[in-house]
Amino acid sequence: NFLRWLASFRLRILFRTAFLLLILSVAALALTVLREEKQRGYRNYQQNLAKTKDQIVARLRHPSGQLALLNPSWTGGSRNLHPVLLPFSAIDFDDQNKVRHAIEMSDCLVHFENHASLCVAIGANPWIGGFIYVAGTFASGPLAAHEIGDRYLDGAHRMRVSVRLRKRDYRWLAPFEPLPSRPGSAVRGRFTGYEELDGRDYNERKTVREFRGWVWQEAACLDTGETAEDCRRRSFFSLRLPVEELIADLLRDRRAPWPPPDLGEIDVRIAVLPPGDGPALFDSASPGRRNEPFSLDSLGSLLQAGETLRIRRKGAASDLALIQSREQYGEGVSPLIVRLIRRLPVEDAAAREETVILEDAVDTRVGDYLIELRGEAGRAVIQALSSTATRLTWFVGAILAAIVLAWLVIEIGIVRRIARLTSRSRQLMRAPGGARFPAIEFTDLKGSDEMGILAGCLNHLLRRVREDAERERIRAAQEKEQWHAVGHEIMSPLQSLLALHGGPDDPDYRYLARMRQALRILYGAANPGEALQSSTLEVSTLDLDAFLANIAANAHHAGIDGVRYEGRGEALRVCADEYALEDVMGHLLNNAARHRAPGTPILLALAADETSATVRVFNEGEPISPEWQEKIFEYGFSGAGGEGDEEHRGQGLFVAKTYLAKMGGTIRAENEAGGVAFRLELLRADERE
């Protein structure tokens with residue numbers, strides 16, 4: 001009783017539990033996603049930090065990065081250029097390709113306007129010599145050469161070089177001298193260095209032996225569409241400047257520091273002068289520098305918020321560079337969300353480190369540099385996740401509010417009315433039936449919706465149910481009395497007919513016996529289908545071959561012509577009720593005669609195997625529709641006439657299937673070529689025994 005009482009609340013419990021679980025599932029889903037995202041965030045942060053470290057180390061191991069390590073204070077932004085320490089031992093200044101490769105890889109070029117660039121550097125190996133290397137480009141027309149023996153140098157393109165070191169000035173003037181080259185190809189020559197004088201006359205002046213300079217002018221014009229002989233072309237030059245102070249330092253002390261401590265105080269100025277007194281084609285002291293060389297501070301763009309890069313030379317007490325991220329943590333984060341995310345557990349212990357420190361080293365020619373990248377994993381992950389969660393809080397809140405609103409609407413508009421309807425329905429269940437059925441009002445539950453319509457119609461339905469039940473009882477009693485009267489009126493003359501045709505060999509006697517059996521089955525039953533299914537048959541042994549021969553010979557007495565059967569010539573005994581089986585064959589032959597093509601015969605055939613015998617009833621005609629092959633054996637189904645057909649009531653095949661089932665047999669209909677065949681299977685008598 002308690003379970004039945006509890007079951008009456010099942011719908012309300014289901015609604016409320018479903019909505020409660022839905023709210024809890026949304027909250028649990030949000031927390032689970034935050035927890036997984038937090039753990040994934042820690043893991044991704046470590047992976048991203050490792051990638052950032054690899055990028056930084058790869059950048060520093062590149063010659064341009066090593067140049068920034070070796071020259072941490074160099075920016076290339078001063079008016080006069082200072083030499084930088086190259087990550088190479090020296091520069092093979094005689095080979096254009098090697099010089100280009102060295103300065104481009106190290107990224108020491110400072111670019112100027114008018115296609116000019118310049119790199120001033122020293123080698124990493126002091127024993128190569130105390131030289132300053134200068135390489136770069138400038139644009140000019142065809143280079144004018146200095147004629148050998150000419151006492152004046154201003155008739156040719158020339159390069160003015162000055163170096164200031166420890167309050168001492170070195171100045172050279174190097175005119176262009178061509179080398180043999182093929183016409184139409186690149187011009188190759190050299191800059192021969194002289195110590196610069198105040199006057200023009202360089203008669204009998206000797207060149208500086210250690211000053212070396214080379215220049216290569218391209219054959220193509222800068223403007224691709226221009227082909228004139230005097231067009232502007234790009235020239236690449238390479239210089240080696242001997243500085244006596246640097247050489248003297250190395251000779252005085254083999255353990256002298258290299259690079260020199262005052263490397264950043266060495267000023268170098270390069271100017272390319274045209275023939276005559278015109279303005280310089282290129283002057284390194286002029287403004288208009290267009291590039292900012294790579295420096296250690298540029299690594300800050302690779303860092304995320306809260307990350308710090310520390311670079312220190314191995315063995316040094318102080319840091320070479322301390323670079324912090326340029327990004328800042330975002331704002332607009334809810335403190336409640338932050339506290340919630342902090343409390344969420346992270347299962348992977350290795351992934352929940354609050355501070356991640358990654359270390360590496362970069363080898364250079366002048367020593368090793370230690371790299372330390374530090375990241376605040378906890379703060380970065382929580383800040384990023386809190387920022388995302390704060391934006392999504394509105395969506396989660398909207399979903400929860402929609403669920404609660406739907407809950408309230410269903411609770412007030414449906415569940416409460418269902419509770420009232422359930423209470424009054426329980427009163428109906430407890431009330432006695434019949435005329436004393438209580439009249440319970442549902443008018444207060446009426447409305448225009450489904451529940452209101454249901455409540456409004458319930459009174460009317462209950463009244464009609466009571467009236468219909470009373471009418472059905474009266475009708476059943478009348479039908480039963482009618483069947484009794486019909487059976488009584490038919491049974492009396494039928495008994496008289498049986499007395500007149502008393503011989504079992506009389507064909508009329510067989511049909512009269514079948515009628516009597518049918519009346520006994522149906523007598524006293526209100527429903528023919530129920531009567532047939534509840535009937536009892538007397539199954540005995542029957543010679544099926546002789547039975548079919550008798551059926552075919554006497555079919556014309558029942559108005560069915562053209563029934564043919566070719567006998568086996570030997571007895572085939574099966575288990576069956578002779579009258580019931582004759583009734584089955586009668587229904588099948590009537591069905592075949594009704595659907596066969598006019599003038600065609602009905603063929604009977606008999607086949608047998610070790611366990612069963614099969615009777616085939618074939619007629620030519622239209623095939624059975626696939627969707628009807630099972631329905632034709634149902635009670636009341638008839639494809640002959642339709643709803644208004646009074647002659648065919650759909651009982652024949654139902655009777656055949658019912659009788660065969662009681663005799664242990666089966667029946668099925670099959671479409672064959674040219675017609676339809678019904679196959680009856682019966683157990684052989686020897687198998688039944």
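Would you mention how many residues in segment 373-411 are under 22 Å from Gln324 (Cβ atoms), of a type outside the set (S, T, N, Q) and open to solvent by 40 Å² or more (accessible area, probe 1.4 Å)?
4
Looking at segment 548-576, I want the residues that are farther than 15 Å from Leu588 by Cβ and open to solvent by less than 20 Å² (accessible area, probe 1.4 Å) and have a partner that is of a type outside the set (Asp, Glu) and not in a strand (DSSP E or B) with Cβ atoms under 7 Å, at least 6 apart or on another chain. Which pairs are those?
These pairs meet every condition: Leu572/Leu544; Val574/Leu544; Val574/Ala685; Cys575/Val539; Cys575/Met663; Cys575/Gly664; Cys575/Ala685; Cys575/Arg688.
Within segment 218-235, can you find the residues that are part of a loop (DSSP other than H, G, I, E, B) and not charged (D, E, K, R)?
Initially, segment 218-235 is screened for residues part of a loop (DSSP other than H, G, I, E, B), giving 218-232.
Ala219, Ala220, Cys221, Leu222, Thr224, Gly225, Thr227, Ala228, Cys231 - these are the residues of segment 218-235 that are part of a loop (DSSP other than H, G, I, E, B) and not charged (D, E, K, R).
Listed residues Gly136, Gly213, Gly189; which is of a type in the set (Gly, Ala, Ser), under 21 Å from Asp95 (Cα atoms) and touching a helix residue (DSSP H, G or I) at 6+ places or on another chain (Cβ under 9 Å)? Break it down stepwise before answering.
Working: Gly213 fails: touching a helix residue (DSSP H, G or I) at 6+ places or on another chain (Cβ under 9 Å); Gly189 fails: touching a helix residue (DSSP H, G or I) at 6+ places or on another chain (Cβ under 9 Å).
Within the list Gly136, Gly213, Gly189, the selection yields Gly136.
Under 8 Å by Cβ, and 6 or more places apart or on different chains, what pairs join a residue from segment 650-666 that is free of Cβ contacts under 8 Å to residues at least 60 places away in the same chain with one that is aliphatic (A, V, I, L, M) and open to solvent by less than 10 Å² (accessible area, probe 1.4 Å)?
Thr666/Leu660; Thr666/Leu680
Can you tell me which residue is nearest to Lys657 (Cα to Cα) among those in segment 549-600 that are part of a helix (DSSP H, G or I) and acidic (Asp, Glu)? Before the answer, list the steps.
Start the filter on segment 549-600 by keeping residues that are part of a helix (DSSP H, G or I), which leaves 549-558, 578-595.
So of that shortlist, the ones also acidic (Asp, Glu) come out as 578, 582-583.
Working: Glu578: 15, Glu582: 13, Asp583: 11 Å.
For segment 549-600, the residue satisfying everything is Asp583.
Given the residues Val366, Val415, Val362, which is the only one that is within 30 Å of Ala90 (Cα to Cα), modelled with pLDDT under 80, more than 30 Å from the chain's Cα centre (by Cα) and open to solvent by less than 80 Å² (accessible area, probe 1.4 Å)? Give the steps one after another, and end with the answer.
On the way: Val415 fails: within 30 Å of Ala90 (Cα to Cα); Val362 fails: modelled with pLDDT under 80.
Exactly one residue qualifies, and that residue is Val366.
Could you check segment 163-217 for strands (runs of 3 or more DSSP E) lying wholly inside it with 1 or more residues that are more than 17 Å from Ser238 (Cβ to Cβ)?
Working: elements: 168-178, 187-191, 212-217.
Filter on segment 163-217 gives 168-178.
Check segment 302-317 and report whether any residue there is closer than 22 Å to Ala124 by Cα, out of contact with any Gly (no Cβ under 7 Å at 6 or more places or on another chain) and without any contact (Cβ under 8 Å) to a residue 60 or more places away in the chain.
Residues of segment 302-317 closer than 22 Å to Ala124 by Cα: 311-316.
Pick out the ones that are also out of contact with any Gly (no Cβ under 7 Å at 6 or more places or on another chain) and you get 311-312, 315-316.
Within this subset, residues satisfying the condition of being without any contact (Cβ under 8 Å) to a residue 60 or more places away in the chain are 315-316.
So far as segment 302-317 goes, yes, one or more of its residues are closer than 22 Å to Ala124 by Cα, out of contact with any Gly (no Cβ under 7 Å at 6 or more places or on another chain) and without any contact (Cβ under 8 Å) to a residue 60 or more places away in the chain.
What is the residue count in segment 222-235 for residues that are exposed (fewer than 10 other Cβ atoms within 10 Å of the Cβ) and among the basic types (Lys, Arg)?
0
Residues to consider are Ile323, Ile270; find the one that is assigned to a strand (DSSP E or B), at pLDDT below 90 and of a type outside the set (D, E, K, R). Talk me through it step by step, then tell me what you get.
Numbers: Ile270 fails: at pLDDT below 90.
From the options Ile323, Ile270, the qualifying one is Ile323.
Look at Ser181 and say whether it is open to solvent by 10 Å² or more (accessible area, probe 1.4 Å), of a type in the set (Ser, Thr, Tyr) and in contact with a strand residue (DSSP E or B) (Cβ under 7 Å, 6 or more places away or on another chain). Please lay out each step first, then the result.
Working: open to solvent by 10 Å² or more (accessible area, probe 1.4 Å): yes; of a type in the set (Ser, Thr, Tyr): yes; in contact with a strand residue (DSSP E or B) (Cβ under 7 Å, 6 or more places away or on another chain): yes.
Taking the combined requirement at face value, the residue satisfies it.
Restricting to segment 236-267, and then to whatever is of a type in the set (A, V, I, L, M) and not in a loop (DSSP other than H, G, I, E, B), can you tell me which residue is most open to solvent (accessible area, probe 1.4 Å)? Working first, answer last.
Start the filter on segment 236-267 by keeping residues that are of a type in the set (A, V, I, L, M), which leaves 239, 241, 243, 246-248, 250-251, 256, 263, 266.
Restricting the remaining residues to those that are not in a loop (DSSP other than H, G, I, E, B) gives 239, 241, 246-248, 250-251, 263.
Details: Leu239: 1, Leu241: 0, Leu246: 4, Ile247: 58, Ala248: 32, Leu250: 18, Leu251: 144, Leu263: 15 Å².
This residue is Leu251.
Which of the residues belonging to segment 206-221 are surrounded by 12 or more Cβ atoms within 10 Å (Cβ to Cβ) and more than 60 Å from the chain's Cα centre (by Cα)?
Scanning segment 206-221 gives Thr207, Val208, Glu210, Phe211, Arg212, Gly213, Trp214, Val215.
Just name the residue that is modelled with the highest pLDDT out of those in segment 525-538 that are in a loop (DSSP other than H, G, I, E, B) and under 27 Å from Phe637 (Cβ atoms).
Step one: of segment 525-538, the residues in a loop (DSSP other than H, G, I, E, B) are 525-527, 535-538.
Then drop every residue that is not under 27 Å from Phe637 (Cβ atoms), which leaves 525-527, 535-537.
On the way: Ala525: 49, Ala526: 45, Asn527: 53, Ser535: 64, Thr536: 70, Leu537: 77.
Result: Leu537.
Checking the conditions here, which among Ala18, Ala27, Ala68, Ala58 is touching a residue at least 40 places away in the same chain (Cβ under 8 Å), part of a helix (DSSP H, G or I) and exposed (fewer than 14 other Cβ atoms within 10 Å of the Cβ)?
Working: Ala18 fails: touching a residue at least 40 places away in the same chain (Cβ under 8 Å); Ala68 fails: exposed (fewer than 14 other Cβ atoms within 10 Å of the Cβ); Ala58 fails: touching a residue at least 40 places away in the same chain (Cβ under 8 Å).
None of the other options fit; the residue is Ala27.
Residues checked against (1) open to solvent by 50 Å² or more (accessible area, probe 1.4 Å); (2) aliphatic (A, V, I, L, M):
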site	(1), (2)
Cys119	no, no
Ile128	yes, yes
Gly136	no, no
Asp154	no, no
Val163	no, yes
Ala174	no, yes
Glu177	no, no
Gly193	no, no
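The values are calculated or read from the model by the stated rules, or taken from the named source; none is laboratory data. Please read these numbers as outputs of a predicted model, since none were measured by experiment. Cβ: placed from backbone, ideal geometry, glycine included. Neighbour counts: every protein chain shown. When the accessible area is computed, the model is the full protein with side chains, heavy atoms only, and any ligands, DNA or RNA have been set aside. Shrake-Rupley method; radii C 1.70, N 1.55, O 1.52, S 1.80 Å.
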